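The values are calculated or read from the model by the stated rules, or taken from the named source; none is laboratory data. Values in this document were obtained by computation on a predicted structure and should not be read as measured data. Reconstructed Cβ throughout: ideal geometry from the backbone, glycine too, with neighbour counts over all protein chains shown.
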Amino acid sequence: MSTIKERVERSLDALDTGRPLAALVDEIVRQYPDPFILANREAARLLLKHTGKVMDPRFVWWHQFESGSSSPLTFNGWKHSGAPVKSMGLAELVVERFDVQFQDAPDQLDQIGGFYRQGARVAQFDERNEVHLLGREILDDLWALDFAEVYRAAIERFWSDYGRHFRVIAKINLLGQAAKALGRGLISQLDCQRLRAVAANGLTTGVLPTLALLEQDATHPPLTVSRYVFGETDRGSLYRLTAADGRVVLYMPWSHEAVRGFDSELTMARWLRQHLQSTQAQQAFVEGAHVNPRDDSGRRLIKVHLQGIADSRSDEMAVVALSLFKREPGKALFEVLVDQVLIEMRQTAEVIQSNAALRKAMWQGYLSAFLKVFGGFAPLGWPMSLTLLGAGVGKVGLDVDAAVHAVDEQVRQSALRDAMLDSLFTALNMVDIGFTTSFGSLAYEAPPHEIRASLGQWQRVRSATLPVEGQEANALVAGEVVQSGRLRGVRLGNDGSCWITLNGLNYRVRYSHELSVWLIVPQDNPFAFTALHPVRLSDQDEWELLEPPRLLGGAPAVAAELPSLRSEFWDTYCRTELWESAKLSTKAIVRQKNVLVGAGVVELAPGQVYDLDARGLPCVLRAGRPVYSYRRGRQFSNALIEDYTHEASKVNDVFRYGTYAHPDMDDYIGRLADTLEALPANNAVTLYRGGHATRGTGGEGYRSGRLQVGDMLVNTDLSSFTENPYKACEFASTGSGEEEDGEIRGFDDSSVIFELPAQRYQGGRPISPFSIYPMEAETLFLPGRYFRIESLQQIYGEGYRFVRVQLATVPEPGTAIVHDLRTGQPFNRDIYRARFRNQAVADRFIPAAGGGQR
């Protein structure tokens, strides 16, 4: 048996165990009662209620001024100028509420304040940057909401519904920490065995920690628990686990070396005494023990107690000093940890401003002092609950301030997930397997169309042209073909990659643990978001590609000679699935942010504020020139793109109809194009664009046969594509918006979806991190990009049909007739140029040499 085969089999076995646990991590991350995320969601609901739009609350500010001027042009009748006396984001307002003096005088809110899309540094606050919200209505909504009670209820619901799962992930973290400590020589093999026995019965050396094992608590744990409490505010920085033979394991959840073994209590005290003599080590202990950065007295007390241990005259005296802080909870380790976490969460809830506290402040005539709580997973610092799950502040890849005060839901949850999965990866001993794709296999979140697929009725593809054509390997794949087991018929590469031979060609495959089947995947990205291409071995040991069966009633009629195809992929995404759509968009946002960070988008230093250009727009000045794209950590800003996404139809009205909402639109378009061209172009993922006759973008020309494979298209406006197929279906449907969650959307003969396969296009700029509507997962193409129609098909399923137009970008159209991507009509450059007041704008995007039909 080859070493490669052994390692691949070990990897598959570990993933059989690990994938259900990874799904549990996803559930915990999604359901964790994070006060920021809860506030952000409530803020988004307020925006949807009052504006009808799914906006990102981080783009909406409440500004409060000394006075205001009446204005017939603004939504609330008032405009303001100069610096606000108070500013906060909408989600922050949900937590902190309006000042107490406005609770009895709500009409004053609209006179001295308003909601705006720009921060406090801009000069003017009026109809150009207002958000259509009224302060008095939001005040009523906040009273009705009572966010403090929402948060308290979320905490109790989390522990009621997911407390058992929390313990499982906490056990995984301890097992991962133990495996790391064993590898570093910090604990003995016996210590590791005992820690595994603390987690669950039957978890002996070599046994994988399955979900079923970890859901059961150890009945006779070999280690008893003591806790050291260095002050009333100590949230659980140091636990001592003692065996009957006197051997001790220290557990410090906050530390990057969380477990450490000792022969006895005396040797443990010696290490602590010496370790705490380091100022840096002592400070780390204080940070681990003390949660509230505003409680200086509590912090000082803990530091004094730790210093007393460090100053002990001998190791024996250190034992005595430690005994003063030792507590015997009389419970198993994970009961103690859960108790401490629940106390911390409830303390967090107590400092959030509630209706009851606000009523008391109103009755007393002043606003009682209370802790500013907004901006983190807990108002008082990084929560121990996340640390116990393997997501300590140092491990999530953010510095302390960014981790506690970050306002980026997607990045926060992604970082948490990766940190927790790292512990799982280690607990499963997958580090030793050594394949670069091993962590990716564990971290991979199967998309909805893979999770829900039912392959029982799928049949062998009989078409002469296979749907996977073009994905075959160009080079010869060396390696052994396995003859038995799950890997039978699979050729193994030296890097652990898996390959099959289908019709004489080599294809890369990935094992789907959700479907228990091999799938053909892109050779350079086995985890790419793509349609399913399952394969099986025939009775003759030949690989066969499978496809879904046709509907009993056959395919819908089509005028042109278009092939009609069933698609499990589109069976999923033609439904209204709000939660699953949000998950896909979130992944796209995280991916786009990674692209932008990698491209070097300007980052503001801690404490640095943005500059203002000559028009008062936020930017960063470089050699006196404004750079509009910048970021603070993983939060991106670009005022020009924000304006475009807020009023996209007004910008594109110039390109489509020559309609100008503002006299300076040509100038704005030029500056917007400049800032977009400065962003990185990226073609790593497949993009989609939905069209329908009601939006002026229907597919009648493709269905009728007027537009055919090989024809050329040009986009004549700012053209949006999405990474999220749910969104494409939304724009390709009849758009009633009344479908229940889970229902098929409405489609008709004008429904069309354009598809740009990964690596087959150029010029797309990822803009979702800058967008007021980030969940559209948007990539934007400037006008003047040429597309060739690569294939045309009717895609159909139960209750839906549309024409799929697969495109690829080309540099120039040559002598071919060019059609408008949006309308499908022949493109006439003279008519196009005449729409612009400054025809140089049109020439910039589609110069004369680019032709089109004159």
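Return yes or no: is E755 closer than 26 Å to P548 by Cβ, assigned to a strand (DSSP E or B) and not aliphatic (A, V, I, L, M)? For E755, the condition - closer than 26 Å to P548 by Cβ, assigned to a strand (DSSP E or B) and not aliphatic (A, V, I, L, M) - is met. Residues in segment 98-115 that are in contact (Cβ under 8 Å) with a residue 24 or more places away in the chain and farther than 23 Å from I352 by Cα: D107, D110, Q111, I112, G113, G114. The criterion of at least 3 residues that are in contact with an Asp or Glu (Cβ under 7 Å, 6 or more places away or on another chain) is met by the following helices (runs of 4 or more DSSP H) wholly inside segment 19-112: 35-51. Could you list, in sequence order, all residues of segment 470-487 that are part of a loop (DSSP other than H, G, I, E, B) and either out of contact with any helix residue (DSSP H, G or I) (no Cβ under 8 Å at 6 or more places or on another chain) or within 20 Å of Y444 (Cα to Cα) (or both)? Within segment 470-487, G470, Q471, E472, A473, N474, A475, L476, V477, A478, Q483, S484 meet the criteria. Consider I4 carefully, then state whether it is crowded, with 17+ Cβ neighbours inside 10 Å, out of contact with any Cys (no Cβ under 6 Å at 6 or more places or on another chain), of a type in the set (V, I, T) and more than 18 Å from W579 (Cα to Cα). Taking the combined requirement at face value, the residue satisfies it. Hey, does segment 260-276 have a residue that's of a type in the set (D, E), closer than 30 Å to R346 by Cβ and touching a residue at least 12 places away in the same chain (Cβ under 8 Å)? No, segment 260-276 contains no residue that is of a type in the set (D, E), closer than 30 Å to R346 by Cβ and touching a residue at least 12 places away in the same chain (Cβ under 8 Å). Considering segment 176-193, the residues that are surrounded by 18 or more Cβ atoms within 10 Å (Cβ to Cβ) and out of contact with any strand residue (DSSP E or B) (no Cβ under 7 Å at 6 or more places or on another chain) include one that is nearest to S423 (Cα to Cα), namely G176.
Taken together, P783, P813, P766 contain a single residue that is surrounded by fewer than 22 Cβ atoms within 10 Å (Cβ to Cβ), under 21 Å from G670 (Cα atoms) and touching a residue at least 60 places away in the same chain (Cβ under 8 Å), which is P783. Scan segment 216-242 for residues that are farther than 15 Å from E335 by Cβ, in contact with a helix residue (DSSP H, G or I) (Cβ under 6 Å, 6 or more places away or on another chain) and not in a strand (DSSP E or B) and the total you get is 6.
Number of residues in segment 670-683 that are in contact (Cβ under 8 Å) with a residue 60 or more places away in the chain and either assigned to a loop (DSSP other than H, G, I, E, B) or over 29 Å from A758 (Cβ atoms) (or both) equals 6. Restricting A44, A23 to residues that are free of Cβ contacts under 8 Å to residues at least 40 places away in the same chain, surrounded by fewer than 22 Cβ atoms within 10 Å (Cβ to Cβ) and closer than 25 Å to T387 by Cβ narrows the list to A23.
Just one residue in the set E328, E335 is surrounded by fewer than 13 Cβ atoms within 10 Å (Cβ to Cβ), under 21 Å from R167 (Cα atoms) and modelled with pLDDT of 90 or more; that residue is E328. Exactly one residue among R128, R121, R136 is in a helix (DSSP H, G or I), surrounded by fewer than 22 Cβ atoms within 10 Å (Cβ to Cβ) and not β-branched (V, I, T), and that residue is R136. Residues in segment 657-695 that are among the small types (G, A, S) and either at positive phi or surrounded by fewer than 17 Cβ atoms within 10 Å (Cβ to Cβ) (or both): G658, A661, G670, A678, A681, A684, A693.
Total residues in segment 102-119 satisfying the condition of being closer than 26 Å to W143 by Cβ and out of contact with any helix residue (DSSP H, G or I) (no Cβ under 8 Å at 6 or more places or on another chain): the figure is 4. Total residues in segment 269-321 satisfying the condition of being assigned to a helix (DSSP H, G or I), small (G, A, S) and more than 42 Å from the chain's Cα centre (by Cα): the figure is 5.
Among the residues making up segment 446-469, those that are within 31 Å of the chain's Cα centre (by Cα) and either part of a loop (DSSP other than H, G, I, E, B) or buried (at least 17 other Cβ atoms within 10 Å of the Cβ) (or both) are A446, P447, P448, H449, E450, R452, A453, S454, L455, P467, V468. The one condition from (1) within 27 Å of E469 (Cα to Cα); (2) touching a strand residue (DSSP E or B) at 6+ places or on another chain (Cβ under 8 Å); (3) of a type in the set (V, I, T) that T530 does not meet is (2).
Against the numbered list (1) on the phi < 0 side of the Ramachandran plot; (2) at pLDDT 90 or above, D107 comes up short only at (2).
If we keep just the residues of segment 488-499 that are in contact (Cβ under 8 Å) with a residue 24 or more places away in the chain and not in a loop (DSSP other than H, G, I, E, B), which is surrounded by the fewest Cβ atoms within 10 Å (Cβ to Cβ)? Checking each candidate, the answer is W499.
Cβ-Cβ distances below 7 Å connect the following pairs, each with a first residue in segment 437-460 that is free of Cβ contacts under 8 Å to residues at least 60 places away in the same chain, a second residue that is of a type outside the set (D, E), and a separation of six or more residues or different chains: F439/F425. Where strands (runs of 3 or more DSSP E) fall entirely within segment 500-587, those with at least 2 residues that are at pLDDT 90 or above, of a type outside the set (A, V, I, L, M, F, W, C) and out of contact with any Lys or Arg (no Cβ under 8 Å at 6 or more places or on another chain) are at 505-512, 534-537. T694 passes every criterion in (1) in a helix (DSSP H, G or I); (2) more than 17 Å from P774 (Cα to Cα); (3) touching a Lys or Arg at 6+ places or on another chain (Cβ under 7 Å) apart from (3). The conditions of being in contact (Cβ under 8 Å) with a residue 60 or more places away in the chain, in the same structural domain as P769 (by TED's automatic domain parsing), out of contact with any Asp or Glu (no Cβ under 7 Å at 6 or more places or on another chain) and of a type in the set (D, E, K, R) are not met by E642. For segment 1-18, a residue qualifies if it is farther than 21 Å from I451 by Cα and either of a type in the set (V, I, T) or outside any helix (DSSP H, G or I) (or both), and the qualifying residues are M1, S2, T3, I4, V8. For S637, the conditions (1) more than 26 Å from L621 (Cα to Cα); (2) in contact with a Pro (Cβ under 7 Å, 6 or more places away or on another chain) are fulfilled apart from (1). Filtering segment 786-835 to residues that are under 22 Å from G764 (Cα atoms) and in a loop (DSSP other than H, G, I, E, B) leaves P811, E812, P813, G814, L821, R822, T823, G824, F827.
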